[in-house]
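The values are calculated or read from the model by the stated rules, or taken from the named source; none is laboratory data. Note that the structure is predicted; figures quoted are calculated from it, not measured. Backbone-built Cβ (ideal geometry, glycine too); neighbour counts: all protein chains shown.
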């Protein structure tokens, strides 16, 4: 059974939000509680279409690795990362961005399934889903704070990509 998490965060401007959401370095900052670090593939900077990143992190007292690949990239409106290898049975994360009335609506659609049958489903229902929501909300707050201040400049070195609206 798949679990869906959908979150919306309001912030501005769209190009900063898009780039900060694909910044490996900002991801590390936003997940410091789980000691997340990029150990293979793209390990810093802005991840691009077709690239992978392998994350090492400590969740639930266990060090785990998760490899994702950017499978869709439509700047600055949408990109998607999909699990290639990791603890989930499957995982897809769509990052959607829409400019509306001078602000950006950033939508996360996080879809995953867990292993271990009924035990995995129970763990997901009572623990994992809430944990993932908290992790995604915190990450989005860090993105929001950087996007709405000069903080974005630490993570987006050279904005060489075209700008646009969705």
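Consider region 1-30 and keep the residues that are in a strand (DSSP E or B) and under 14 Å from residue 144 (Cβ atoms). The one that is modelled with the lowest pLDDT is 11. If the condition is being within 13 Å of the chain's Cα centre (by Cα) and in contact (Cβ under 8 Å) with a residue 60 or more places away in the chain, then region 28-42 contributes 29, 30, 31. Here residue 146 clears all of (1) closer than 24 Å to residue 41 by Cβ; (2) surrounded by fewer than 14 Cβ atoms within 10 Å (Cβ to Cβ) except the condition numbered (2). Taking the criterion of being surrounded by 14 or more Cβ atoms within 10 Å (Cβ to Cβ), touching a strand residue (DSSP E or B) at 6+ places or on another chain (Cβ under 6 Å), over 19 Å from residue 152 (Cβ atoms) and without any contact (Cβ under 8 Å) to a residue 24 or more places away in the chain, would at least one residue in region 43-52 satisfy it? Yes, region 43-52 has at least one match.
Taking region 99-116 as the range and being crowded, with 18+ Cβ neighbours inside 10 Å and in a strand (DSSP E or B) as the test, the residues that pass are 99, 104, 105, 106, 108, 110, 112. Scanning region 32-56 for residues that are part of a helix (DSSP H, G or I) and touching a helix residue (DSSP H, G or I) at 6+ places or on another chain (Cβ under 9 Å) gives 33, 34. For region 71-95, which positions are within 21 Å of residue 48 (Cβ to Cβ) and outside any strand (DSSP E or B)? Once the filter is applied, which keeps residues that are within 21 Å of residue 48 (Cβ to Cβ) and outside any strand (DSSP E or B), region 71-95 yields 75, 76, 77, 86.
Every residue, every condition in (1) touching a residue at least 60 places away in the same chain (Cβ under 8 Å); (2) farther than 24 Å from residue 35 by Cβ; (3) touching a strand residue (DSSP E or B) at 6+ places or on another chain (Cβ under 9 Å); (4) not in a strand (DSSP E or B), yes or no:
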residue: 58; (1), (2), (3), (4): no, no, yes, no
residue: 66; (1), (2), (3), (4): no, no, yes, no
residue: 69; (1), (2), (3), (4): no, no, yes, no
residue: 97; (1), (2), (3), (4): yes, yes, yes, no
residue: 119; (1), (2), (3), (4): no, yes, no, yes
residue: 124; (1), (2), (3), (4): yes, no, yes, yes
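For residue 74, are the conditions met, namely being over 15 Å from the mean Cα position of the chain (by Cα), under 16 Å from residue 47 (Cβ atoms) and free of Cβ contacts under 8 Å to residues at least 40 places away in the same chain? When the stated conditions are applied, residue 74 passes them.
Would you check if there is a residue in region 95-102 being on the phi > 0 side of the Ramachandran plot and modelled with pLDDT under 95?
From region 95-102, those on the phi > 0 side of the Ramachandran plot are 101-102; that's our starting set.
Right, trim to modelled with pLDDT under 95 and you get 101-102.
The answer is yes; a qualifying residue exists.
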